[in-house]
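Working notes, structure below.
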Amino acid sequence: MSPEPILSPTEAVGPSLEILAAEDPSFVVLDLSTDGKSLAREADSSFRERCVKTEKGERDAVLLAAGLSLAGWNVFVFAPSPLLVPRAYEAIRSAVAVPSLPVKFLLANAGLSGNRAGAASQMVEDIAFLRALPNVSIIVPSDGLSAKKLIENSGSSRNPVFFRLHSMKLPTLKRTSETDLELSGASLIRAGDGVTVCACGTMVHEALRASAILAQQGIEAEIIDCFSVKPLPAQVITASVRRTGCCVVAEEHNSSGGLGGAVAELLCQSSPVPIKFVSVQDRFGQSGGAEELLEYYGLSFKEILSAASQAWTMRRR
Amino acid sequence: MERNRIIELEKTALEVRKDVVRMIGLSKVTSLAPSLSVVDILVSLYFSTMSVRPDEPGCPDRDRTVLGMENCSPALYATLARKGFFDREELWSYQRLGAMLQGTLEPGRTPGVDSPGGIPGLGIGMAAGIAMGCRMKKSGSRVFCVVGEAELTRGTAWESVLAAAARKQGNLCVIVGLGGEFPAGQTDLGASMETLQTRFSSFGWQVTLADGHDFDSLDRAVPGPGETGPAPVAVLAKTLWGKGVAFHEKETGSALVLPDREKVEKALLELEKAGETLEEELHDEP
């Protein structure tokens, strides 16, 4: 049996929606792909019927999604994050989040690595925007397989859910627990008692790289895939830092308002420990390849390594 | 429409107007004029045009209304209460903390409210989504979106108008209440009836004109259940700001004028008197 091809979380959208479409008679997806592609390109006809390709404006598409949801449909919206979130924020807020309609947003090409065109097409502040909204969930999957499972699991969610999907083909991570990927959960990627590393999206992979080197230095990192940025898996994180006494948060997002902010808000109240952040240092992006950009903006295992060593020396036991 | 039927509707509208005046008189949070201007349109929809079931507000085959116009929720609430969706007692706690009746509409919180509302510029888009959803469910439901002039100058209104025509959403009807919100000469965005007629037509909509306070005229302008064609319908209804209350009819503009106790009593008295006249007319009929 040949192994399944590796998909990026953005590429995992199509296959997971096909499964949802087959299972749920009220499933419908608004496809706002901009690159001339379509979600239903290679799919079977039953999925194609439920896939509404719309090239109209993002705001109108969100209002359409709200209306479809009010008419009893289980609505998914597939759109590039840099276009949807800033343009349609008012509609997201007033028509979806305030009435808490269970619309699911699949935000493609998120983060710096999602688009090589430059700052305006790279969304480094979407989590901050969305995390401030009451009633919503925010999911940032790290690999294609977990993205696929999480999207499938969101089918029955009763509140708005935002998936922030990167588009790098990264290997499938081994999760220590075999439990299902529940929407509001977290996965333990590596157990350790030296330093807690909370990461999401692409940064989980960099954290894993860093942990090998940290282990050689005698620091065993505990890596948590915090795919649920909201609601934050508070118990998993606090239980871990109570053992390690220090924490590193790594994310492909701006330094304010993202996972780092969420973890800091949690820990400073429940178990104050030193925290170091690996994130975009309050800058917009620029043109460049995905790997180049991550390295240039200090989002690699090297920064996690040094952040972990610093947090470890300050650890509180 | 028969004269007696019209008088029945006029009587209902008068009762709704009185409730609107009482609600706003008690809550003292908004002005009477915008609500009074759309009462007749809403009464015409809920008591004549639409198929709704107050005993089963979530019934999937019901017709729906999206209220896009700002500051008009009292008119919708008073109409829904009169129709029997909830107890009229609820009206008296409008906009109080914890009240069922919020200033901005919340579906799920208030029976009979089909969509969020009172957010200028978002109504038509949501109405188009509901209309699309109903059609995809093979339901014959129609969706009515009541907007004011301001709605058409904000948000995604024209984006949604363009898209609805492209999608041939014949089960969508937008009713524009024209009058008073933008007093002539005070803004460059207010449009005349002729301009709006041309605009909607050029976007591919079927346009009808109506007197927004004449039930016969509204009945003829708003398409009936079997009359949906391929094009969405825009009903341009001439309305009067503060209709039914003389001191308000003189006012124009979207400025918030809170009625004091004296004005509320004066308004109620005037509406009572109009009711007596209607009653006489009803009995005079052979």
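Do the conditions hold for A:F105, that is, is it more than 18 Å from A:I19 (Cβ to Cβ), open to solvent by 20 Å² or more (accessible area, probe 1.4 Å), among the aromatic types (F, W, Y) and more than 14 Å from chain B (Cβ to nearest Cβ)? Spelling it out, it is not the case that A:F105 is more than 18 Å from A:I19 (Cβ to Cβ), open to solvent by 20 Å² or more (accessible area, probe 1.4 Å), among the aromatic types (F, W, Y) and more than 14 Å from chain B (Cβ to nearest Cβ). For A:S113, the test of being polar (S, T, N, Q), in contact with a His (Cβ under 7 Å, 6 or more places away or on another chain) and more than 14 Å from chain B (Cβ to nearest Cβ) is passed. Under the condition of being outside any helix (DSSP H, G or I), more than 8 Å from chain A (Cβ to nearest Cβ) and more than 22 Å from B:R82 (Cα to Cα), the residues counted in region B:110-134 number 2. Within region A:199-214, is there a residue that is acidic (D, E) and without any contact (Cβ under 8 Å) to a residue 60 or more places away in the chain? Scanning region A:199-214, I find no residue that is acidic (D, E) and without any contact (Cβ under 8 Å) to a residue 60 or more places away in the chain, so the answer is no.
Give A:G257, A:G288 a once-over and let me know the one that is open to solvent by less than 40 Å² (accessible area, probe 1.4 Å), part of a loop (DSSP other than H, G, I, E, B) and either under 24 Å from A:P171 (Cβ atoms) or of a type in the set (D, E) (or both). On inspection, the qualifying residue turns out to be A:G288. If the condition is being at pLDDT 95 or above, over 13 Å from B:F86 (Cα atoms) and either assigned to a loop (DSSP other than H, G, I, E, B) or touching a Ser or Thr at 6+ places or on another chain (Cβ under 7 Å) (or both), then region B:54-66 contributes B:R62, B:D63, B:R64, B:V66. For region B:162-172, the set of residues classified as in contact with a Phe, Trp or Tyr (Cβ under 7 Å, 6 or more places away or on another chain) and more than 10 Å from chain A (Cβ to nearest Cβ) consists of B:A165 only. Among the residues of region A:73-87, is there at least one that is at pLDDT below 95, hydroxyl-bearing (S, T, Y) and over 23 Å from A:S154 (Cα atoms)? Within region A:73-87, none of the residues are at pLDDT below 95, hydroxyl-bearing (S, T, Y) and over 23 Å from A:S154 (Cα atoms). Given the conditions (1) at pLDDT 85 or above; (2) surrounded by 18 or more Cβ atoms within 10 Å (Cβ to Cβ), which single one is not true for A:F47? With (1) at pLDDT 85 or above; (2) surrounded by 18 or more Cβ atoms within 10 Å (Cβ to Cβ) applied to A:F47, the lone miss is (1).
The set of residues in region B:140-153 that are part of a helix (DSSP H, G or I) and surrounded by 24 or more Cβ atoms within 10 Å (Cβ to Cβ) comprises B:E151, B:L152. When the criteria are applied in full, B:A75 fails the requirement of being open to solvent by less than 10 Å² (accessible area, probe 1.4 Å), within 14 Å of chain A (Cβ to nearest Cβ), among the small types (G, A, S) and part of a helix (DSSP H, G or I). Given the criteria at the interface with chain A (Cβ under 10 Å from one of its Cβ atoms), open to solvent by 20 Å² or more (accessible area, probe 1.4 Å) and in contact (Cβ under 8 Å) with a residue 24 or more places away in the chain, does B:K137 qualify? Yes; evaluated as a whole, the condition is true for this residue.
The rows are residues; the columns are (1) open to solvent by 50 Å² or more (accessible area, probe 1.4 Å); (2) modelled with pLDDT of 95 or more; (3) out of contact with any Lys or Arg (no Cβ under 6 Å at 6 or more places or on another chain).
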| residue | (1), (2), (3) |
| --- | --- |
| B:F215 | no, yes, yes |
| B:P223 | no, no, yes |
| B:T228 | yes, no, yes |
| B:W241 | no, no, yes |
| B:A246 | no, no, yes |
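Condition first: of a type outside the set (D, E), within 14 Å of chain A (Cβ to nearest Cβ) and touching an Asp or Glu at 6+ places or on another chain (Cβ under 8 Å). Can you find one or more residues in region B:88-107 that meet it? Within region B:88-107 (the criterion being of a type outside the set (D, E), within 14 Å of chain A (Cβ to nearest Cβ) and touching an Asp or Glu at 6+ places or on another chain (Cβ under 8 Å)), the answer is yes, since at least one residue qualifies.
Would you say A:V278 is under 30 Å from A:P160 (Cβ atoms) and either part of a helix (DSSP H, G or I) or open to solvent by 10 Å² or more (accessible area, probe 1.4 Å) (or both)? No; evaluated as a whole, the condition is false for this residue.
For every residue, the table says whether it meets (1) open to solvent by less than 10 Å² (accessible area, probe 1.4 Å); (2) touching a residue at least 24 places away in the same chain (Cβ under 8 Å); (3) not hydrophobic (A, V, I, L, M, F, W, C).
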{"position": "A:V236", "(1), (2), (3)": "no, yes, no"}
{"position": "A:G245", "(1), (2), (3)": "yes, yes, yes"}
{"position": "A:E295", "(1), (2), (3)": "no, no, yes"}
{"position": "A:A308", "(1), (2), (3)": "yes, yes, no"}
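When both residues are 6+ apart or on different chains and their Cβ atoms are under 9 Å apart, which pairs have a first residue that lies in region A:74-99 and is facing chain B (nearest Cβ under 10 Å) and under 24 Å from B:M136 (Cα atoms), and a second that is among the basic types (K, R) and open to solvent by less than 20 Å² (accessible area, probe 1.4 Å)? So the pair list comes out as A:V75/A:K104. The residues of region B:1-60 that are of a type outside the set (A, V, I, L, M) and over 26 Å from B:S115 (Cβ atoms), listed by number, are B:E2, B:R3, B:N4, B:R5, B:E8, B:E10, B:K11, B:K18, B:G25, B:K28. Within region A:20-43, does at least one residue satisfy the condition of being within 14 Å of chain B (Cβ to nearest Cβ) and among the basic types (K, R)? No, that holds for no residue. Scanning region A:195-218 for residues that are surrounded by fewer than 23 Cβ atoms within 10 Å (Cβ to Cβ), in contact with a helix residue (DSSP H, G or I) (Cβ under 8 Å, 6 or more places away or on another chain) and part of a loop (DSSP other than H, G, I, E, B) returns a single hit, A:Q217. In this structure, is B:L101 surrounded by 19 or more Cβ atoms within 10 Å (Cβ to Cβ) and over 14 Å from the mean Cα position of the chain (by Cα)? Against the criterion (surrounded by 19 or more Cβ atoms within 10 Å (Cβ to Cβ) and over 14 Å from the mean Cα position of the chain (by Cα)), B:L101 qualifies. Name the residues in region B:154-169 that are within 19 Å of B:A237 (Cα to Cα) and open to solvent by less than 40 Å² (accessible area, probe 1.4 Å), would you? Residues satisfying the conditions are B:A157, B:V161.
Within the span defined as region B:91-104, one or more residues are at pLDDT below 95 and in contact with a strand residue (DSSP E or B) (Cβ under 8 Å, 6 or more places away or on another chain).
The values are calculated or read from the model by the stated rules, or taken from the named source; none is laboratory data. Since this is a predicted model, take the numbers as computed values, not measurements. With ideal geometry, Cβ positions are generated from the backbone for all residues, glycine too; neighbour counts draw on all protein chains shown. SASA here: full protein model, heavy atoms, side chains in, ligands and nucleic acids out. Shrake-Rupley method; radii C 1.70, N 1.55, O 1.52, S 1.80 Å.
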